[in-house]
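K.L.:
Handing you a structure now.
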Amino acid sequence: MVKGPKPSHVTSCRFSPHQRPVEKLRKKSQNLHENKTSEKEELMKLYQQLSNIIPSCRNKCTSSVDIVVSAVDYIRELHSLLENTNVESSHEFRFSKLNVAFSS
């Protein structure tokens, strides 16, 4: 039996069938690495913005843990100040009503 020329629709493979999945995995791994890198850069940017907002972090905090701990402390401090302000203003409001009631 004599073999004739290969049909035009059959092409020779540069890679064996076993090498193709490896290349796909390599590309997938590279894409995952790029995504992780961009996520890390975004997180670093956000931590920097947060550290600029927190007064105690402006020149000191370097690690993300320090920034988050300082942010929590700052939020607690602001919450406490807000509670104290609300208590004082509610007392002033009550006493102002009493003064109005006594003066009329």
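K.L.:
Pick from R26, R76: which is modelled with pLDDT of 95 or more and outside any loop (DSSP other than H, G, I, E, B)?
P.N.:
On the way: R26 fails: modelled with pLDDT of 95 or more.
Within the list R26, R76, the selection yields R76.
K.L.:
List, please: which pairs have Cβ atoms under 9 Å, are six or more places apart or on different chains, and start with a residue in segment 53-77 that is within 16 Å of L43 (Cβ to Cβ) and end with one that is modelled with pLDDT under 90 and not in a helix (DSSP H, G or I)?
P.N.:
These pairs meet every condition: D66/K60; I67/C61.
The values are calculated or read from the model by the stated rules, or taken from the named source; none is laboratory data. Note that the coordinates shown come from a computational prediction; the quantities given were computed from them, not determined experimentally. Virtual Cβ from ideal backbone geometry, glycine too; neighbours counted across all protein chains shown.
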